[in-house]
Every structure is written in structure tokens, then in C-alpha cells.
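Working notes for the structure below.
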Amino acid sequence: MTNMVNRLRIISFVVAGLLTISVSLFAHHGNAAYDAGKSITVKGTVTAYIWANPHVFVKLDGKDDSGNTVHWIVEGQNPVSMTQIGWTKDTFKPGDEVEMDAMPAKNGNPVAFLGSASPTAPRKRIVINGKQFQ
């Protein structure tokens, strides 16, 4: 009887562990919201820089073709991945003038994604206050 109880405990722990892992896998959303086949240049003034998990964000105010202010959000990868390509919590600050090449949102909203932060992936062009960053 003790052997059967021990076996049941082991099976229960394994099932609980697998459920925990599978829930985390489903939680990550991927890049389906962005058009990987297109690239846009987002230009503007940084209003906020969010260095946090699960993703880093640069918020900036730019202008559309009519001269109206557009509030952009440019998404990067997680801080650990961004560190591998030279970013830090101090890379951007409010007031910085930036240009970033990124993938636009498919729905047309002023949201863009920088793509992979793998050190071997092609870099997106980023200019901060007139200086090429990447």
C-alpha cells in the first residue's frame, strides 16, 4: 500500500509540473500582431522608456503626414535579451529625439516591434539624438 501511495504522489507531482510548464507556454503571445514583411521608420521625441519584464517599451510622440501628434509605442524584447545587444535601463530618456526602424502593427495602430534581440539577428536601425545606436 505504501508503494502505491508513493507512486501516486510521484505521478501527481509530475502532472502538476507539466501543467505549470504548459500554462507558461500558452501565456506568451508571439509576434502575430506585427507585419514582419514590412518595415517603417518611427520618428519622434521619447516620452517614456519602460525597462521591465516581459518586454521593454519606448513611448514617443511623432507627427503623421498631416502634422498631428501621434503617440507611438515601440516594443522590444525582455531586458535580458536587450542587454545582449547593448541596451541598458538608461539607453533612452524623455526628450531624446529618436528614429527607429521597426515592424508595424497589422491593425494600423501606432505600435511597432523591433524584432529579435538575438546577438546574431540583423539589427534594426536606431538613431538617438542624431547618433547611430545600432
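The values are calculated or read from the model by the stated rules, or taken from the named source; none is laboratory data. Because the structure is predicted, anything quoted here is derived from the model rather than measured. Here the Cβ is made from the backbone with ideal geometry for all residues, glycine too, and neighbour counts use every protein chain on show.
Out of the residues in region 47-81 meeting the condition of being in a loop (DSSP other than H, G, I, E, B) and among the acidic types (Asp, Glu), tell me which one is surrounded by the most Cβ atoms within 10 Å (Cβ to Cβ). Of everything passing the filter in region 47-81, ASP64 is surrounded by the most Cβ atoms within 10 Å (Cβ to Cβ). Within region 86-110, the set of residues being farther than 13 Å from VAL56 by Cα and of a type in the set (A, V, I, L, M, F, W, C) comprises VAL98, MET100, ALA102, MET103, ALA105.
Residues that are at pLDDT 90 or above and either aromatic (Phe, Trp, Tyr) or in contact with a helix residue (DSSP H, G or I) (Cβ under 8 Å, 6 or more places away or on another chain) (or both) occur in region 63-77; there is at least one.
Of all residues in region 34-81, those being assigned by TED's automatic domain parsing to the domain that holds ILE126 and in contact with a Lys or Arg (Cβ under 6 Å, 6 or more places away or on another chain) number 5.
Quick one: in region 104-134, of everything that is of a type in the set (Ser, Thr, Tyr) and within 19 Å of HIS55 (Cα to Cα), which residue is surrounded by the fewest Cβ atoms within 10 Å (Cβ to Cβ)?
We begin by selecting, within region 104-134, every residue of a type in the set (Ser, Thr, Tyr); these are 116, 118, 120.
Pick out the ones that are also within 19 Å of HIS55 (Cα to Cα) and you get 116, 118.
Values: SER116: 15, SER118: 11.
Restricting to residues being of a type in the set (Ser, Thr, Tyr) and within 19 Å of HIS55 (Cα to Cα), the top hit is SER118.
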